[in-house]
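Undergrad: Take this structure first; my questions come after.
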Amino acid sequence: MKRYPAFVERSANGEWYCHAPDVPGFGAGADSLDELLNVAPEVLAAHMAALLEAGGTLPEPRSFEALRDDPELSEDFQDAELITSIAWLPLGGKSMRINISLDSLTVSAIDEQAGRLKMSRSAFLSAAARRMIAES
């Protein structure tokens, strides 16, 4: 997993927007800050997938210190309401069979929610794990 530093700004009409200077063309927007922070990893994953499909290479994230030392980003630092990082976990690894133990009530809740979302148990657990990884 890589974490890409990102600048978060609020527009005059109250919408929130973020961009990661190390990922050309990436930007995400939402009506609230919480929504933006939730959707940004998904938008970043889609953007990275598109970069790869187009034959591009994945950019390496710089440290916050390296960004601070970049004179081209001084205005970004001044305008940002928040500076954060967005987690990117590559998709497409080979599927692996694992054996896990969960209590029966948790398994029932997983199966019920996965069914509502029209997902398999494995897809649901994978999505939940990815979300937890991205949020940590």
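Undergrad: If you take the residues in the range 31-51 that are surrounded by fewer than 14 Cβ atoms within 10 Å (Cβ to Cβ) and among the hydrophobic types (A, V, I, L, M, F, W, C), which one is nearest to ARG10 (Cα to Cα)?
TA: My answer is ALA46.
Undergrad: Then there's this: List the pairs whose first member sits in the range 62-81 and is not assigned by TED's automatic domain parsing to the domain that holds ASP22, whose second member is in a helix (DSSP H, G or I) and not hydroxyl-bearing (Ser, Thr, Tyr), and whose Cβ atoms are under 9 Å apart, counting only residues at least 6 apart or on separate chains?
TA: Nothing qualifies.
Undergrad: Here is a follow-up. Going through the range 17-51 one residue at a time, which ones are touching a residue at least 60 places away in the same chain (Cβ under 8 Å) and assigned to a strand (DSSP E or B)?
TA: Across the range 17-51, the qualifying residue is only CYS18.
Undergrad: Go through GLU15, GLU35, GLU9 for me and flag whichever is outside the structural domain of GLU135 (by TED's automatic domain parsing) and either modelled with pLDDT under 95 or among the hydrophobic types (A, V, I, L, M, F, W, C) (or both).
TA: Residue meeting the stated conditions: GLU35.
Undergrad: Taking ILE110, is it surrounded by fewer than 16 Cβ atoms within 10 Å (Cβ to Cβ), farther than 17 Å from GLU135 by Cβ, in the same structural domain as ALA129 (by TED's automatic domain parsing) and not charged (D, E, K, R)?
TA: no
Undergrad: For the range 87-94, does any single residue satisfy the condition of being under 12 Å from ALA6 (Cα atoms), in the same structural domain as ALA6 (by TED's automatic domain parsing), surrounded by fewer than 16 Cβ atoms within 10 Å (Cβ to Cβ) and in contact (Cβ under 8 Å) with a residue 24 or more places away in the chain?
TA: The answer is no; no qualifying residue exists.
Undergrad: Counting only residues that are in a strand (DSSP E or B) and among the polar types (S, T, N, Q), how many does the range 1-16 have?
TA: Residues flagged as in a strand (DSSP E or B) and among the polar types (S, T, N, Q) within the range 1-16 amount to 0.
The rows are residues; the columns are (1) more than 29 Å from ALA123 (Cβ to Cβ); (2) not charged (D, E, K, R).
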{"position": "ARG3", "(1), (2)": "no, no"}
{"position": "GLU9", "(1), (2)": "yes, no"}
{"position": "ASP22", "(1), (2)": "yes, no"}
{"position": "ALA40", "(1), (2)": "no, yes"}
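Undergrad: Let me ask something else. Starting from residues that are assigned to a helix (DSSP H, G or I) and in contact with a Leu (Cβ under 8 Å, 6 or more places away or on another chain), keep the ones in the range 52-75 and report whichever is surrounded by the fewest Cβ atoms within 10 Å (Cβ to Cβ).
TA: Looking at the filtered set, the residue picked out is LEU52.
Undergrad: Can you name the residue in the range 78-103 that is modelled with pLDDT of 90 or more and of a type in the set (Gly, Ala, Ser) and is also farthest from GLU42 (Cα to Cα) among such residues?
TA: The residue in question is SER101.
The values are calculated or read from the model by the stated rules, or taken from the named source; none is laboratory data. Keep in mind that this is a model prediction, so the values were computed, not measured. Quick reminder, even Gly has a Cβ in these numbers, built from the backbone with ideal geometry, and neighbours come from all protein chains shown.
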